[in-house]
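The values are calculated or read from the model by the stated rules, or taken from the named source; none is laboratory data. In this text the structure is predicted, and so the values were computed from the model without any measurement. All Cβ positions, even for glycine, are placed from backbone atoms using ideal geometry, and neighbour counts span all protein chains on display. Keep in mind that these areas ignore ligands, DNA and RNA; they rest on the heavy atoms of the full protein, side chains included. Shrake-Rupley method; radii C 1.70, N 1.55, O 1.52, S 1.80 Å.
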Amino acid sequence: SRPDSLTFDGYCFRFPTPDDLDVLVTDPREARVIAEEMLLLGLPIPAEPDHDLLGPLTSEGYVTVIALPLRSEDAYSEVEKQVRSLV
């Protein structure tokens with residue numbers, strides 16, 4: 001990333017899905033074992049920055065952005081509570 005950049009051009013990654021494992025691992029049995037027995041959060045995959053908020057956040061000076069797909073209102077409430085306690 002460059003300090004004078006107007007776009008988010010830093011390192012972007014996402015975590016793999018079981019479908020990604022089919023591409024990353026040639027043996028389907030091994031891919032299935034990895035999907036079932038490994039925490040996929042330990043296998044970051046490079047990704048293109050594509051979120052609509054990245055431009056505005058970059059303009060405001062943010063250098064790290066974490067997007068978490070929350071699956072429920074309870075999960076959202078828990079994250080909100082934890083962030084408030086950090087701030």
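Observations on the model:
- Between 0 and 90 degrees, the angle of helix 73-86 with respect to the longest Cα principal axis of the chain falls at about 50 degrees.
- The slack in the chain from T64 to H51, taken as 0.36 nm per residue of separation less the alpha-carbon distance, amounts to 3.4 nm.
- For the pair D27 and L40 in one chain, pulling the backbone fully straight at 0.36 nm per residue adds 3.0 nm over the alpha carbon distance.
- The apolar share of the surface of the chain, taken as the fraction of accessible area on carbon and sulfur atoms (1.4 Å probe, ligands and nucleic acids excluded), comes to 57 percent.
- Helix 28-37 vs. the chain, principal-axis angle (Cα, 0 to 90°, nearest 10): 60 degrees
- The chain - charge dipole about Cα centre, Lys and Arg +1 at Cβ, Asp and Glu -1, debye rounded to 20: 260 debye
- Area accessible to solvent at R84, 1.4 Å probe radius, in Å²: 150 Å²
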